[in-house]
Structures are given as structure tokens and as C-alpha cells.
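Some notes on the structure that comes next.
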């Protein structure tokens, strides 16, 4: 019970209430209520971790998040993996949601910091 309360303290009320977030005139849609992501109307198959990573980045638009911050938000204090695994998950996400994964427009690398979600036009 204490673990659940600790997690709930880290989640803001608006994060719990948001249903659907749409970017770039519907090019990318995150349906938090159904835990589904659509790119150009097509369902994007994401792993649970990829989904939570994308949702976390999207709920903090234009704010660079370090790998450590992402790990804490996604895995909590009990996370046992290497923080660099975030890089692989970002790479996988880019393959699935970016029009051109080699030149990302949604998930940008902030050198020396981490990653940020850029919801604006490319």
C-alpha cells in the first residue's frame, strides 16, 4: 500500500485525468484512456514501457528530461536496469512514430541532457 501511495504522489492530477492528446493536426494521437497510440490514423504497436515513455515525454512538452528522470518516472526507485536502456527504447519509439527516424521531429535528443518531446510543427 505504501508503494502505491508513493507512486501516486509522483503523478500529478492532470496526468491522471488526461484522455486524448493530439499533435500536428492528428498526425500523432495518444489515447491515454485506452492506452493506444495512432500515427496518421493507424494503430502503433508499442510495448508497455514504450507507451509509458512516450506518454511521459508528451506530458512534458519541450522540457528536456534526463535519462535518470525518465527512469524514476517510469520504473521508480526499484528499477534495476541501466539508464542507457532508455536510449534503446527511444530508438524503438522513433522507428514506430517518426516519419523519418533518422531525422526525428517528435522525440529530440538534447545533447548533454537527455530527450524532449517537440509537439510543434517540424
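Values quoted throughout were computed directly from the atomic coordinates according to the rules given, and no laboratory measurement underlies them. Keep in mind it's a predicted model, so treat the numbers as computed, not measured. Cβ coordinates were reconstructed from backbone atoms using ideal geometry, including for glycine residues, and neighbour counts include every protein chain displayed.
Subtracting the Cα-Cα distance of residue 62 and residue 110 from their residue separation scaled by 0.36 nm leaves 16.2 nm.
Once the chain from residue 84 to residue 42 is taken as fully extended at 0.36 nm per residue, the excess over their C-alpha distance is 12.2 nm. Once the chain from residue 25 to residue 2 is taken as fully extended at 0.36 nm per residue, the excess over their C-alpha distance is 4.2 nm.
Simple spin-label estimate for residue 96 and residue 35 gives 1.2 nm between the two label positions (7 Å along the Cα-to-Cβ direction from each Cα).
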